[in-house]
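A.B. asks: Shown below is the structure under consideration.
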Amino acid sequence: SHEIRTPLNSILGFTKLMADPEIDPIKKSRFSSIISHNGSQLLSIINGLLDFSMIETGQIKLIKKRFILEELIIDISNDFITLANNKGIDLIVAPEIISTKTNIESDLSRLRQVINNIVENAVKFTNNGEVYIGLTYEENCFKIIVRDTGVGIPVDFWQHVFDRFQQADKTNSRKFGGNGLGLAISKHIIELMGGKIWFESEEGKGSTFYIQIPYIIMNPSKNVYIKSWGN
């Protein structure tokens, strides 16, 4: 309730201030940015709650679509380049992702949601160093790797990382934002795809998240076509 009320109160408060004719244009521009930021934060929270509601009622269905996996990863990394640059950290995409194109059949929207969440967390919780995104193909599965040099996760919290509404440190929650739903939703989506998600971390030194999804080779060739999960 706190995570919903805080941005909503901010939106309502600054909207009232915007209606004051005596407020100068510079302040109105700043108020507008605050409203936009809190609106985006509130939308993210609501989307997370709706997704988790769908998970609990078994309503999330995967929709298969053909797309190039490497292009999806590059698109996501491009969304975070500005934020990373503003924080003074490097966002590095493995060279093989840039040079390779692999056609896959999977749920584009849901896979984007998961990778986006992992990369967003990595950038959010890293203030120095880098965020690295890698991709490997192993026997009957592909693995996406997101490694950061951020704050890391305390050992005593590891077992709760993928629990809903859980965050390692409430101080970090206030500082970095978030509602503790993203990783829980991501875990469920990847498991629906027949895959798994896990991490390695050291407090103060960073974290590495792995997303592994099984596939079936449909037409082996130089431009491999693979089909992720099941039937």
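The values are calculated or read from the model by the stated rules, or taken from the named source; none is laboratory data. Fair warning: this is a prediction, and the values are worked out from it, not measured in the lab. Don't worry about glycine lacking a Cβ; one is built from the backbone with ideal geometry, like all the others, and counts go over all protein chains shown. Ligands, DNA and RNA are excluded from the accessible area calculation, which covers all protein heavy atoms including side chains. Shrake-Rupley method; radii C 1.70, N 1.55, O 1.52, S 1.80 Å.
A.B. asks: Can you tell me how much longer the chain between Ser99 and Asn140 gets when fully stretched, taken as 0.36 nm per residue apart minus their C-alpha distance, in nm with one decimal? Spell out each step's value before the answer.
C.D. replies: On the way: separation 41, 0.36 × 41 = 14.76 nm, distance 2.13 nm.
That works out to 12.6 nm of additional length.
A.B. asks: Identify, among Leu17, Gly134, Met54, the residue whose Cα sits farthest towards the positive end of the charge dipole of the chain, taking +1 on the Cβ of Lys and Arg and -1 on the Cβ of Asp and Glu, with the dipole about the Cα centre.
C.D. replies: So the residue we want is Leu17.
A.B. asks: In nm, give the distance between the simple-model label positions of His160 and Leu49, each being 7 Å from the Cα along the Cα-to-Cβ direction.
C.D. replies: Result for the modelled spin labels: 2.2 nm.
A.B. asks: Still on this structure, please answer the following. With everything on Cα atoms, drop me the angle between helix 2-18 and the longest principal axis of the chain, reported from 0 to 90° to the nearest 10.
C.D. replies: Rounded to the nearest ten degrees, it is 50.
A.B. asks: Okay, next question. Would you mind classifying the stretch 45-175 by shape? Square roots of the alpha carbon gyration tensor eigenvalues, ordered a ≥ b ≥ c; an a/c under 1.5 is rounded, otherwise it is prolate if a/b is larger than b/c and oblate if not.
C.D. replies: oblate
A.B. asks: I've got another one for you. Taking R0 as 22 Å, what FRET efficiency do you get between His37 and Ile81 from their Cβ-Cβ distance, rounded to the nearest 0.05?
C.D. replies: Step by step, r from the Cβ atoms, then E = 0.70.
A.B. asks: Which of the chymotrypsin sites (Phe, Trp or Tyr not before Pro) found in the stretch 72-171 are loop residues per DSSP with 13 or fewer other Cβ atoms within 10 Å of their Cβ?
C.D. replies: Passing both the DSSP loop test and the Cβ count: Phe165.
A.B. asks: Can you give me the angle between helix 25-56 and the longest principal axis of the chain, using Cα atoms only, in degrees from 0 to 90, rounded to the nearest 10?
C.D. replies: 40
A.B. asks: Taking just the C-alpha trace of the stretch 1-75, give me its Rg and Dmax in Å.
C.D. replies: Gyration radius and largest Cα-Cα distance of the stretch 1-75: 18.6, 55 Å.
A.B. asks: Please state the shape class of the chain: rounded when a/c is under 1.5, otherwise prolate if a/b exceeds b/c and oblate if not, all from the C-alpha gyration tensor.
C.D. replies: Working: a/c = 1.77, a/b = 1.71, b/c = 1.03.
Prolate.
A.B. asks: Just to make sure I understand: if all protein chains stay in place, what is the order of Met18, Met193 by accessible area at 1.4 Å, largest first?
C.D. replies: From most exposed to least exposed: Met18, Met193.
A.B. asks: Is it possible to state the helix-based mean residue ellipticity at 222 nm for the chain, with each DSSP H run of 4+ residues giving -39500 (n - 2.57), the sum divided by total residues, to the nearest 500 deg cm²/dmol? What is it?
C.D. replies: -15500 deg cm²/dmol
A.B. asks: Ok, one more. Just how far, in whole angstrom, is the stretch 60-99 from the stretch 116-141 if you go by their alpha carbon centroids?
C.D. replies: Taking the Cα centre of each part, the stretch 116-141 and the stretch 60-99 sit 9 Å apart.
A.B. asks: Can I ask one more? Sequence-distant or interchain residues sharing an amide H contact under 5 Å with Gly129, placed H: which?
C.D. replies: Under 5 Å from the amide H of Gly129 lie the amide H atoms of Asp90, each far enough along the sequence or on another chain.
A.B. asks: What size of dipole, in debye to the nearest 20, comes out for the stretch 20-69 about its Cα centre when the only charges are +1 on Lys and Arg C-beta atoms and -1 on Asp and Glu C-beta atoms? All intermediate terms of the calculation are to be shown ahead of the outcome.
C.D. replies: Details: 7 positive and 5 negative charges, 103 e Å.
It works out to roughly 500 debye.
A.B. asks: Ranked from the most accessible area to the least, with a 1.4 Å probe and all protein chains present, what is the order of His160, His37?
C.D. replies: Highest to lowest solvent-accessible surface, that is His37, His160.
A.B. asks: Counting only heavy atoms of the protein chains, get the accessible area per residue of the stretch 7-160 (1.4 Å probe) and round it to a whole Å² value.
C.D. replies: Value for the stretch 7-160: 55 Å² per residue.
A.B. asks: Please give the length that would be gained between Thr6 and Ser29 if that part of the chain were fully extended, namely 0.36 nm times their separation in residues minus their C-alpha to C-alpha distance (nm, one decimal). List each step's numbers first, then the result.
C.D. replies: Details: separation 23, 0.36 × 23 = 8.28 nm, distance 2.06 nm.
Difference between extended and current length: 6.2 nm.
A.B. asks: First check a/c for the stretch 116-165, with a ≥ b ≥ c the square roots of the eigenvalues of its C-alpha gyration tensor; if it is under 1.5, answer rounded, and if not, answer prolate when a/b is larger than b/c or oblate otherwise.
C.D. replies: Working: a/c = 2.13, a/b = 1.28, b/c = 1.66.
Verdict is oblate for the stretch 116-165.
A.B. asks: Treating the beta-carbon of each Lys and Arg as +1 and of each Asp and Glu as -1, no other charges, what is the dipole magnitude of the chain about its Cα centre, to the nearest 20 debye? Spell out each step's value before the answer.
C.D. replies: On the way: 25 positive and 26 negative charges, 103 e Å.
For the chain, the charge dipole is close to 500 debye.
A.B. asks: Moving on. Give me the net charge for the shell around Leu17: Cβ to Cβ below 14 angstrom, other residues only, Lys and Arg +1, Asp and Glu -1.
C.D. replies: That sum, taken over residues with Cβ under 14 Å, equals +1.
A.B. asks: Ignoring ligands, DNA and RNA, what percent of the accessible area of the chain is carbon or sulfur (1.4 Å)?
C.D. replies: The C+S portion of the solvent-accessible surface of the chain is 53 percent.
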